[in-house]
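The values are calculated or read from the model by the stated rules, or taken from the named source; none is laboratory data. For clarity, every value in this text was computed on a predicted model and none was experimentally measured. Positions of Cβ are backbone-derived with ideal geometry, glycine not excepted, and every protein chain shown enters the neighbour counts. Keep in mind that these areas ignore ligands, DNA and RNA; they rest on the heavy atoms of the full protein, side chains included. Shrake-Rupley method; radii C 1.70, N 1.55, O 1.52, S 1.80 Å.
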Amino acid sequence: MHLKKRIIVTGGAGFLGSHLCEFLLCAGNEVLCVDNFFTGSKMTVEHLLDNPNFDVIRHDITFPLYLEADEIYNLACPASPIHYQNDPVQTTKVCVHGSINMLGLAKRLRAKIMQASTSEVYGDPAIHPQPESYRGDVNPIGPRSCYDEGKRCAETLFFDYHRQHNLQIKVARIFNTYGPRMHPNDGRVVSNFICQALRGDPITVYGDGSQTRSFCYVDDMIAGFIKLMHSRDGFIGPVNLGNPGEYSILQIAETVRELIGASVEIVFKELPQDDPRRRQPDISLAKQELDWEPTVPLREGLEKTIAYFDDFLTSLKQANEK
Ligand code: NAD
Ligand code: UDP
Ligand code: UDP
């Protein structure tokens, strides 16, 4: 018999969280979305609100939370550079105090808890592609540090709760992920380029565009979360989740422009401080332990994301004209 689980998703109203809530509900679980709407919005989960197995709780996880659940996915944290640098002290608090509270909650409930960590723990990597054993090259005092060091400390807390309290933990190091329901204004590269091209504005490439990233489509990432949460007891990670296909930012700009068929210019702007030069996951561990690898090619994922933003921008325009 399939027993319905009660699952908490912190940051459930964000980009990844909303897809995760949807997946977990479809699989027949009860889902508690805990979010303070710092970067997320009720709109991302609006279509789930009628489901009797779904609840949204407005709460900031830097404060204690007393609920009952069987599993916790800890995704709450602003994720784009402009959002996490907007209130850097709060970003560190979400990573550190937020993780302590969610770990305290998991400890009281003896619940399994997964942390959404990040490829940013590798900083500007000296090893390429990055395996989990690489310890990273992170600036502790730069504008990205609140996020990079915050997430590193969160990993430390997860491992200490595991060693000290025998907590069941899982840690995912997530590489750049894109797809429908990304925020149009959070400055991330895929959403920026698509919205710019759809609006007929120039595409803004920072630096000369030779820096690289590896982009994973959201459905593949959610499948990775689920496989990690259900992996064998002895496996806790950290495990890289991402698509190893590596592209320069200029290639992304050109591909988006071509797929949209827009005759917009590509303009070059200043490269932000500490912008990592390259990033590509080594996913051997995920393949071996989780039998997971991404299946959606970049162009297909971009087409789906473009279709989403096309609808989104059209409805926004219609609403503004009313
Ligand atoms: P997002 O900004 O869309 O979602 C984050 C959610 O957390 C938002 O709904 C926000 O309101 C909520 N939140 C922020 N602070 C909170 C707090 N104090 N209490 C409760 N809720 C809070 O970002 P996302 O892209 O969905 O990222 C989700 C998680 O995955 C984050 O932890 C992020 O660090 C991690 N991650 C994402 C990516 C990516 O490419 N999307 C890459 C690496 C890691
Ligand atoms: N906590 C929570 N919900 C719970 C249990 C704990 O939010 O159901 C918080 C609590 O505020 C505490 C933190 O988690 O500060 C860490 O809990 P832990 O039991 O590890 O530490 P302690 O309470 O002993 O400081
Ligand atoms: N970027 C860009 N133009 C934009 C937004 C971002 O050239 O309009 C670059 C950015 O400098 C970085 C890459 O794209 O090199 C990915 O940026 P994003 O903020 O999406 O993710 P992160 O830097 O956190 O990997």
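Note that the chain presents 45 Å² accessible area per residue, ligands and nucleic acids not counted, probe 1.4 Å. Charged neighbours of residue 60, selected by a Cβ distance under 15 Å, balance to 0 (K, R count +1; D, E count -1).
With a 1.4 Å probe and every protein chain kept in, tell me what percent of the accessible surface of the chain is carbon plus sulfur. Heavy-atom surface of the chain belonging to carbon and sulfur, 1.4 Å probe: 50 percent. Comparing Cα centroids, the stretch 155-216 and the stretch 12-83 end up 18 angstrom apart. Straight-distance candidates among the lysines for linking to residue 107, with alpha-carbon spacing under 30 Å and chain neighbours fewer than 8 residues away dropped: 4, 5, 42, 93, 151, 170, 227, 287.
Taking a ≥ b ≥ c as the square roots of the Cα gyration tensor eigenvalues, with a/c under 1.5 meaning rounded and otherwise prolate when a/b beats b/c, else oblate, which class fits the stretch 206-322? Oblate shape, in that a/c is at least 1.5 and b/c is the bigger or equal ratio. Between 253, 76, 126, the residue with the greatest mean-square fluctuation in the GNM of the chain (Cα pairs under 10 Å linked by springs) is 126. Taking the C-alpha atoms only, the angle from helix 15-26 to the longest principal axis of the chain is near 50 degrees. Using a Gaussian network model of the chain with C-alpha springs under 10 Å, which one of 150, 224, 209 is most mobile by mean-square fluctuation? Sorting by GNM fluctuation, first place goes to 209. Accessible area per residue (1.4 Å probe, heavy atoms of protein chains only) ranks 215, 63 as 63, 215, with the largest value leading.
Taking a ≥ b ≥ c as the square roots of the eigenvalues of the alpha carbon gyration tensor, the stretch 35-142 is prolate, as a/c is not under 1.5 and a/b beats b/c. Once you put a point 7 Å from the Cα of residue 210 and another 7 Å from the Cα of residue 126, both along the Cβ direction, what distance in nm separates them? In this crude label model, residue 210 to residue 126 measures out at 2.1 nm. With helices as the sole contributors, the chain gives -11500 deg cm²/dmol at 222 nm; each DSSP H run of n ≥ 4 counts as -39500 (n - 2.57), and the sum is divided by every residue. Are there any trypsin sites (Lys or Arg not before Pro) in the stretch 249-298 that are in a DSSP loop and have at most 13 other Cβ atoms within 10 Å? List them by number. Answer in residue order: 277. Take the Cβ atoms of residue 70 and residue 320, set R0 to 51 Å, and the FRET efficiency comes out at 0.70.
Across the stretch 165-182, coupling constants 3J(HN,Hα) worked out from phi with the 6.51/-1.76/1.60 Karplus curve, θ = phi - 60°, read 10, 6, 6, 7, 10, 9, 10, 9, 9, 8, 9, 2, 10, 9, x, x, 6, 5 Hz, and Gly and Pro carry x.
About the centre of its Cα atoms, the stretch 212-322 shows a dipole size close to 120 debye [charges on the beta carbon of Lys, Arg (+1) and Asp, Glu (-1) only; nearest 20 debye].
If the viscosity is 1.002 mPa s and the temperature 20 °C, what Stokes-Einstein diffusion coefficient in µm²/s follows for the stretch 1-43 when Rh is the Kirkwood radius over Cα pairs?
204
Against the criterion of solvent-accessible heavy-atom surface with a 1.4 angstrom probe, 236, 57 sort, most first, into 57, 236. The stretch 254-317 and the stretch 84-102 have their alpha-carbon centroids 27 Å apart. For residue 269, a cut-off of 19 angstrom between C-alpha atoms picks up these aspartates and glutamates, skipping any fewer than 8 places away in its own chain: 186, 201, 208, 254. The value for the chain of Rg(Cα) / (2.2 N^0.38 Å) is 0.97.
Using a/c under 1.5 as the rounded threshold, could you call the stretch 265-319 rounded, prolate or oblate? The axes a ≥ b ≥ c are square roots of the C-alpha gyration tensor eigenvalues, and prolate needs a/b larger than b/c, oblate otherwise.
Since a/c reaches 1.5 but b/c is at least a/b, the shape of the stretch 265-319 is classed as oblate.
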